[in-house]
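Accompanying notes for the structure given below.
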Amino acid sequence: MTDISSILHQDQEEEKARCEWDFHLSTIISSCNSLSGSGCDTIGVLEFDPCGNFLASGGIARKIRIYAVKSLLQEREGERRTSIGAPLALDHGNACDFFICTPAKLGSLKWKPGLESRVLGSGDYDGVVMEYDLEKKMPIFERDEHGGRRVWSIDYCHSDPVLGASGSDDGTMQMWDPRCGDNGKCLAMVQPTKEYSTPVCCVEFNPFKGPIVAVGCADRRVYVYDMRKMLDPLFILDGHQKAVTYIRFIDERTIVSSSIDGCLKMWNAEDQKVLRTYKGHNNSRRFVGLSVWKPGGLICCGSESNQVFVYDKRWGEPIWVYGREPLGLTGHDHGFVSSVCWQQKDENQCTLVAGDSNGVLRVFSGKRK
C-alpha cells in the first residue's frame with residue numbers, strides 16, 4: 001500500500017507541475033524562404049539583450065537580425081486578430097528593426113554586458129569572432145585565431161565584461177581581451193581533451209559569482225575551470241552518452257547541460273552529481289537550443305521532431321510541449337526546432353522565442369495560472 005500511495009502522490013505532483021503555467025502562441029514571424037523549407041534560413045541562435053528589450057537572431061542566412069521585443073508582442077495599430085487566441089503573423093522584413101550582413105554563417109551570438117545593448121558578439125563558421133556596434137551597424141572587432149575551424153559558442157565574463165571566450169571545432173576554448181591589441185590577444189587557451197583534439201561545442205561563464213567558466217565538448221563531458229588557473233579543470237561532469245551541445249547555469253552552483261544523447265542533465269557543481277535527468281524531446285544529431293528561465297525555474301529546448309519542450313527544473317518530464325510530432329516522416333523530410341531563448345523578466349509571466357530550420361520564429365507568452 002505504501003508503494004501505491006507513493007506512486008499516486010508522485011502522479012499528483014506531476015499533474016500539479018503541468019497545471020502551473022498557461023502558454024500560448026502569440027506571434028509567428030516568417031519569410032518567403034520559410035515556405036520553401038530549403039533550410040537556407042535556419043535560425044541557429046537567439047539571444048535577448050540583458051534588459052530584455054531586444055532580440056538578436058543569426059544562423060545560416062548570414063544575417064544578424066535585431067527585433068524590438070515590444071513589436072513582436074503587440075498587434076499592429078488598427079489590426080485585429082481574426083479569432084480569439086489566433087497568433088499575429090509577421091514577416092521578417094517588417095518585424096525586425098534592422099539587419100547586418102555577416103561574412104559567414106553564424107554559430108553563436110552574445111550581447112556584451114554593460115554597454116546598454118550596443119555591442120553584440122558573434123562566432124562564425126569560418127572560425128572568426130567579431131563584435132558589432134549596433135548603433136553604427138558595423139564591425140568594431142575581429143579575431144581569427146581558431147585556424148578557420150567553426151566557432152560554435154562565445155560568451156562574456158560578467159565580472160569583467162570585456163573578457164570573452166570562444167569554443168571551436170579546433171578543440172580549444174580561448175579567452176581573449178580586445179583591449180590587448182594583436183586582434184584580441186589570447187589570454188588563456190585550453191584543450192580539454194589533451195590526448196586528442198575533440199570539438200568544443202559550448203562555453204559558458206558563471207553569471208552569478210566567481211571566476212568560473214564551463215566548457216562542453218564532443219567527448220561527452222563538461223569541463224569547469226577557474227579562470228585564474230587554467231592548467232587543469234576544477235572538476236569534470238561526466239554522465240552524457242554523446243557530445244555536450246549546450247551549458248547553462250541555473251544558479252551559482254547548479255548547471256544544466258544538453259547532449260545529442262537525447263537528454264538534459266542538471267548537476268550539482270559542489271559534488272559533481274546529477275540531480276535530475278530530463279527526457280522527452282528528440283535530439284540525436286543536431287543543435288536544438290537550450291535556455292533557462294531563471295526567475296521561474298523553467299528549462300526549454302527544441303527537438304528534431306520540430307517541437308518545443310518546456311521542463312520545470314523539479315520534474316524530469318516535460319510540463320508543456322508545442323507542436324505535434326510528424327508522422328511517417330524521417331531524415332530531412334521535416335524541419336526541427338534549432339534555437340530557443342527565454343526573456344529574463346519577472347516570476348509570474350514570461351516570453352519564450354523559438355526558431356526553426358525553416359527560418360520561422362515563434363513567440364510564446366506564458367503566465368502562472
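Miscellaneous remarks
- Sites matching trypsin sites (Lys or Arg not before Pro) across segment 202-282 that sit in DSSP coil, with at most 16 neighbouring C-beta atoms within 10 Å: Lys209, Arg228, Lys242, Arg253
- Projected label points at Arg253 and Asn268, each 7 Å from Cα along the beta carbon direction, are separated by 0.8 nanometres.
- Highest mean packing first, where packing is the average number of other Cβ atoms within 10 Å per residue, the peptides 356-362, 24-30, 170-176 line up as 356-362, 170-176, 24-30.
- Candidate lysines - alpha carbon under 21 Å from Lys345, same-chain residues fewer than 8 apart omitted: Lys70, Lys110, Lys112, Lys209, Lys294, Lys313, Lys367, Lys369
- For segment 270-341, a/c is not less than 1.5, where a ≥ b ≥ c are the root eigenvalues of the C-alpha gyration tensor, and a/b tops b/c. That puts it in the prolate class.
- Springs between Cα atoms under 10 Å define the GNM used for the chain, and in it the highest mean-square fluctuation of Tyr225, Tyr246, Tyr196 occurs at Tyr196.
- FRET E, pair Arg276, Lys136, Förster distance 45 Å, beta-carbon r, rounded to 0.05: 0.50
- The label point for His24 and the one for Lys367, both projected 7 Å from the Cα toward the Cβ, are 0.9 nm apart.
- Of the peptides 147-153, 312-318, the order by per-residue mean of other Cβ atoms within 10 Å, starting with the highest, comes out as 147-153, 312-318.
Throughout, read-outs are computed from the coordinates displayed, never taken from laboratory work. Predicted model only: the values in this text are computed from it and were never measured. Every residue, glycine among them, receives a Cβ derived from its backbone with ideal geometry; neighbour counts consider all protein chains shown.
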